[in-house]
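Below is one structure, written out as structure tokens, with a few remarks after it.
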Amino acid sequence: MNTSRASLFSLQRFWRWEASGILVALVALALLLSIATDNFMSSYNISAVARQAAFVGLVALGQTLVLMVGGIDLSVGAAAGLSAIVGSIALTQWGIHPWLIVPFTMGFGLLIGAINGAFVAGLRLNPFIVTLATWEIFAGLTLVITGGYPIRPLGEAFGVFGKGEIFGVPVPVVIFLVAGAILIWVLGQTRFGRNIFALGGNRDAAVLAGIRVRWVEFAAFALAGMFAALAGILYASRMDAGQPSVGEGWLMGAITAAILGGTSLRGGQGSIVGTILGALLLAVLANGTVLLNVSGFWQRVIVGAVVLVAVLVDLLRRRSN
């Protein structure tokens with residue numbers, strides 16, 4: 001009797017965990033694809049899936065922070081593209097050492113993210129409108145700078161960041177997991193992390209508690225730009241080119257991964273582990289459609305349906321809690 005009660009209690013706790021549904025879905029989808037296809041579980045395919053998840057996942061980490069404070073950043077895809085182009089120019093024309101390009105580009109992404117933060121947190125403008133506008137600005141600047149042509153080649157020394165491996169694990173995946181681990185620690189062990197939850201949960205209460213809400217909100221948008229820039233420059237390294245199209249389609253994936261992982265659109269609730277699992281699920285889903293010869297046109301339909309299901313699950317979880 002005690003064993004059954006303990007099992008029931010464990011199941012209840014698992015369901016209340018924000019990332020419970022996404023973990024079950026990920027395991028189930030992986031099992032189905034391993035049965036339905038011959039090469040899903042091959043080392044090459046698993047590496048490709050993980051690498052793809054890392055690019056979108058890095059953007060999703062920043063988006064998670066913004067969603068947790070009750071905002072949204074529509075410009076992350078364009079920010080990734082513009083940052084990748086600036087980083088590629090810095091490498092090929094400004095003579096910056098290849099090993100300094102990644103931190104340089106992250107700094108640039110932090111800057112353009114801070115622009116969003118200044119308008120949203122400083123001037124109290126609607127984040128949807130602000131980031132919709134900066135999305136167009138960043139995307140337009142990318143085309144103005146490049147004329148629509150890629151910047152290549154970036155060189156073998158720089159290619160290690162996108163193509164290299166550490167003990168058999170792709171470098172972008174290692175960076176993605178390390179970034180996720182750092183954010184888990186920040187949100188769980190630091191005052192800044194607690195302030196993010198407090199701000200998203202109840203802004204008025206956070207103000208009364210003495211939290212510098214504008215600074216926290218500003219920092220969340222700045223970090224979102226930084227993570228988008230990191231994803232963009234790693235992808236450029238992978239492709240050996242600064243493509244003007246870098247970041248296209250990442251916005252939907254980033255928001256979807258965060259929501260699937262348990263981050264609430266209303267703020268105050270989120271899980272970095274859930275976001276990582278969400279990015280993995282999207283990558284597995286995209287990979288599965290390719291292996292099953294499903295038309296690429298259907299991928300967008302499937303992703304949109306997954307978003308609706310995720311929002312519904314979020315609503316049901318909130319009501320049950």
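Structure summary
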| read-out | value |
| --- | --- |
| Tally of residues being within 17 Å of residue 290 (Cβ to Cβ), in contact with a Ser or Thr (Cβ under 6 Å, 6 or more places away or on another chain) and touching a residue at least 60 places away in the same chain (Cβ under 8 Å) across segment 40-93 | 1 |
| Tally of residues being free of Cβ contacts under 8 Å to residues at least 24 places away in the same chain and assigned to a loop (DSSP other than H, G, I, E, B) across segment 127-166 | 2 |
| Any hit, segment 213-233, residues being of a type in the set (A, V, I, L, M, F, W, C) and more than 25 Å from residue 121 (Cα to Cα) | yes |
| Any hit, segment 176-196, residues being without any contact (Cβ under 8 Å) to a residue 24 or more places away in the chain, more than 18 Å from residue 224 (Cα to Cα) and hydrophobic (A, V, I, L, M, F, W, C) | no |
| Any pair with Cβ under 9 angstrom, 6 or more apart, that starts in segment 94-118 at a residue that is over 18 Å from residue 225 (Cα atoms) and ends at one that is among the β-branched types (Val, Ile, Thr) and open to solvent by less than 70 Å² (accessible area, probe 1.4 Å) | 98/160 |
| From 239, 252, 226, residue being among the hydrophobic types (A, V, I, L, M, F, W, C), on the phi < 0 side of the Ramachandran plot and in contact with a Pro (Cβ under 9 Å, 6 or more places away or on another chain) | 239 |
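The values are calculated or read from the model by the stated rules, or taken from the named source; none is laboratory data. What you see is a predicted model, and the numbers here were worked out from it, not measured in a lab. Heads up, the Cβs are rebuilt from the backbone with ideal geometry, glycines too, and the neighbour counts pull from every protein chain shown. Calculation scope for accessible area: heavy atoms of the full protein, side chains included, ligands and nucleic acids excluded. Shrake-Rupley method; radii C 1.70, N 1.55, O 1.52, S 1.80 Å.
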